[in-house]
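To start, the structure under review is shown below, and the notes come after it.
The values are calculated or read from the model by the stated rules, or taken from the named source; none is laboratory data. Just so it is clear, the model here is predicted, and its values are computed rather than measured. Here Cβ is always computed from backbone atoms with ideal geometry, including for glycine, and neighbour counts include all displayed protein chains.
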Amino acid sequence: MSYNNEGMGKLETCRNFDRLYGRVKNRALTKRQSWLYEFLLPSISITSFDPSQYSAYRSISLEIGFGSGEHLCQFAIANPDKLFIGCEFFVNGIASLLSKIDEGKIQNIRIFQGDARKLLPEIPDDFFEYIFLLFPDPWPKRKHTYRRFVQEKTMFEIYRILQKGGIFRIATDCLQYSNWITNVFSAPIFDKKFEIKKFLHDFRPPESDWPKTRYEQKSTSECTFFSIEKLSSL
């Protein structure tokens with residue numbers, strides 16, 4: 001399996017990022033994972049962003065916090081002519097995705113190792129077809145709500161980098177965070193910018209279109225799903 005070093009350059013790796021997450025690794029990597037981390041990851045990492053390097057793909061999508069990578073891999077395998085960029089801070093999740101990429105010989109995934117908020121300013125306007133944010137940490141304590149990814153300022157960045165008609169998908173099993181998301185997108189400043197569809201657990205979108213993550217499969221709480229379409233260009 002061959003890769004090139006597209007996108008190597010100036011952005012920092014995760015160990016230099018603001019410590020918003022605590023530990024970045026919760027268990028030791030296997031020998032195989034360590035090998036993939038050392039030799040495969042550098043060839044598919046994004047450390048600076050040059051959109052011209054991805055012009056061969058029909059479209060490009062972004063997953064923010066891909067966990068173990070199940071959802072990302074399913075989309076990449078089903079759409080070999082599209083590119084999927086995954087952002088993840090945690091070492092074990094990246095190692096798990098690398099194993100899946102290697103085993104499946106998947107060519108159309110790139111990885112940004114770190115907080116997606118560090119990457120967003122590098123992205124051109126009207127760029128992504130889809131953006132996925134699936135089961136992010138809800139930071140349930142009131143003093144930690146500033147850490148939530150869904151914030152008014154960040155959603156303006158999401159609006160900027162989505163194509164017109166592009167979709168931002170969010171899933172959560174935390175009712176408190178679901179209400180927070182609803183309130184953020186209900187703000188008047190987002191009128192005519194987004195169309196929001198909300199699906200409760202019993203009306204979940206079909207798995208053929210929205211594959212389940214391992215987290216969702218294990219969750220014992222009811223989930224809420226948001227499909228948020230960008231209505232207008234900048």
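List of remarks:
- Qualifying residues in region 198-213 (those that are outside any loop (DSSP other than H, G, I, E, B) and among the aromatic types (Phe, Trp, Tyr)) - the one modelled with the lowest pLDDT: Phe203
- Single residue of region 147-188 satisfying the filter (in a loop (DSSP other than H, G, I, E, B) and closer than 17 Å to Gly65 by Cβ) that is nearest to the chain's Cα centre (by Cα): Phe149
- Qualifying residue in region 189-197 (condition: touching a Phe, Trp or Tyr at 6+ places or on another chain (Cβ under 6 Å), assigned to a loop (DSSP other than H, G, I, E, B), over 20 Å from Gly86 (Cα atoms) and not acidic (Asp, Glu)): yes
- Selection of region 64-73 for residues being crowded, with 24+ Cβ neighbours inside 10 Å and either charged (D, E, K, R) or out of contact with any helix residue (DSSP H, G or I) (no Cβ under 8 Å at 6 or more places or on another chain) (or both) yields only His71.
- Test: residue in region 23-44 that is modelled with pLDDT under 50, of a type outside the set (A, V, I, L, M), in a loop (DSSP other than H, G, I, E, B) and over 17 Å from Ile94 (Cα atoms): no
- Total residues in region 214-231, condition at pLDDT below 90 and either more than 21 Å from the chain's Cα centre (by Cα) or assigned to a loop (DSSP other than H, G, I, E, B) (or both): 3
- When residues in region 55-65 are screened for being without any contact (Cβ under 8 Å) to a residue 60 or more places away in the chain and under 27 Å from Asn92 (Cβ atoms), 0 of them pass.
- Glu103 satisfies every condition listed in (1) under 25 Å from Thr30 (Cα atoms); (2) touching a residue at least 12 places away in the same chain (Cβ under 8 Å); (3) surrounded by fewer than 19 Cβ atoms within 10 Å (Cβ to Cβ) except (2).
A quick yes/no check of all residues on (1) in contact with a Ser or Thr (Cβ under 7 Å, 6 or more places away or on another chain); (2) under 24 Å from Gln74 (Cα atoms):
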{"position": "Ile111", "(1), (2)": "yes, yes"}
{"position": "Lys118", "(1), (2)": "no, no"}
{"position": "Phe127", "(1), (2)": "no, yes"}
{"position": "Lys141", "(1), (2)": "no, no"}
{"position": "Arg147", "(1), (2)": "no, no"}
{"position": "Lys153", "(1), (2)": "no, no"}
{"position": "Gln163", "(1), (2)": "no, yes"}
{"position": "Phe168", "(1), (2)": "no, yes"}
